[in-house]
Amino acid sequence: TISACRSILGSGHRSLPEDKQDRNEVQQQILNLNNSDIPIKKQAATLALYYLASNPANQGTIRETGGIEALVRQLGDGDTAVKEYTTEALSELSVNNLANQNTIREAGGITALMGLLEDNDAGVKIASALALSGLARDNLANQDAIREAGGIALLIALLEDDDAVMKE
């Protein structure tokens, strides 16, 4: 939720834009993501990019300013929350946006998301499966990339997982 994001960002951070394009905020959050090794700062930046991406006007800005590549790099982070928030941001960026879907694939996002299907955390697994679903929607190139990289077998394995959450 936005209140959780504001809580993580801290009271000194200006309000999250909800209904307007905000190129400066997008660029600042990408800088924060690229220049920090501190998990809480990465969490805040990925959450902010997630909320910024909910506005279609910001989706192109995130792509054009290197945000997708920055997010894909975070999929290998050791922090569970960073991985989960990043997959959710990539999911949001891929909704009805062919250019973003293709950029995520070209940046190595499909392969990285498939690796997270085997993560120890159920939330990361679910978020990754949902992100892959969004990337495959109406995108034959991404469907082919997922299939060719063994993604179907990994998704079936999730369905067979004893973790009841994964079967919902």
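With respect to residue 103, is the statement that it is of a type in the set (S, T, N, Q) and within 17 Å of residue 41 (Cα to Cα) true?
So residue 103 does not fit the description; no.
Check the stretch 132-147 and report whether any residue there is open to solvent by 10 Å² or more (accessible area, probe 1.4 Å), closer than 20 Å to residue 22 by Cα and touching a Leu at 6+ places or on another chain (Cβ under 7 Å).
no
Scanning for something small (Gly, Ala, Ser), open to solvent by 10 Å² or more (accessible area, probe 1.4 Å) and over 18 Å from the mean Cα position of the chain (by Cα), does the stretch 104-121 turn up at least one residue?
The answer is no, given that none of the residues of the stretch 104-121 is small (Gly, Ala, Ser), open to solvent by 10 Å² or more (accessible area, probe 1.4 Å) and over 18 Å from the mean Cα position of the chain (by Cα).
Kindly indicate the residue of the stretch 122-147 that is under 16 Å from the mean Cα position of the chain (by Cα) and of a type in the set (Val, Ile, Thr) and also nearest to residue 72 (Cα to Cα) among those meeting that condition.
Ranking the qualifying residues of the stretch 122-147, first place goes to 124.
Can you find, within the stretch 4-42, the residue that is nearest to residue 83 (Cα to Cα) among those that are modelled with pLDDT of 50 or more and among the hydroxyl-bearing types (Ser, Thr, Tyr)?
Only one residue tops the list, namely 36.
Would you confirm, using the coordinates I've provided, whether residue 50 is in a helix (DSSP H, G or I), open to solvent by 10 Å² or more (accessible area, probe 1.4 Å), more than 24 Å from residue 138 (Cβ to Cβ) and of a type outside the set (Lys, Arg)?
Taking the combined requirement at face value, the residue does not satisfy it.
Residue check: is residue 84 open to solvent by 30 Å² or more (accessible area, probe 1.4 Å) and within 12 Å of the chain's Cα centre (by Cα)?
So residue 84 fits the description; yes.
Failed condition for residue 72, given (1) within 26 Å of residue 120 (Cβ to Cβ); (2) open to solvent by 50 Å² or more (accessible area, probe 1.4 Å), with all others met?
Checking residue 72 against (1) within 26 Å of residue 120 (Cβ to Cβ); (2) open to solvent by 50 Å² or more (accessible area, probe 1.4 Å), the one that fails is (2).
So which residues in the stretch 55-69 are hydrophobic (A, V, I, L, M, F, W, C) and buried (at least 18 other Cβ atoms within 10 Å of the Cβ)?
62, 68
Could you give every pair whose Cβ atoms fall below 7 Å, whose first residue belongs to the stretch 63-76 and is assigned to a helix (DSSP H, G or I), and whose second residue is open to solvent by 10 Å² or more (accessible area, probe 1.4 Å) and among the hydroxyl-bearing types (Ser, Thr, Tyr), counting only separations of at least 6 or pairs across chains?
63/103; 68/103
What residue, among those in the stretch 87-103 that are under 11 Å from the mean Cα position of the chain (by Cα) and crowded, with 24+ Cβ neighbours inside 10 Å, is nearest to residue 137 (Cα to Cα)?
My answer is 94.
The values are calculated or read from the model by the stated rules, or taken from the named source; none is laboratory data. Remember, it's a predicted structure, so these values are computed and weren't measured experimentally. Cβ atoms come from the backbone with ideal geometry, glycine included; neighbour counts cover every protein chain shown. Ligands, DNA and RNA are stripped out before the accessible areas are found, and what is left, the full protein with its side chains, is counted by its heavy atoms. Shrake-Rupley method; radii C 1.70, N 1.55, O 1.52, S 1.80 Å.
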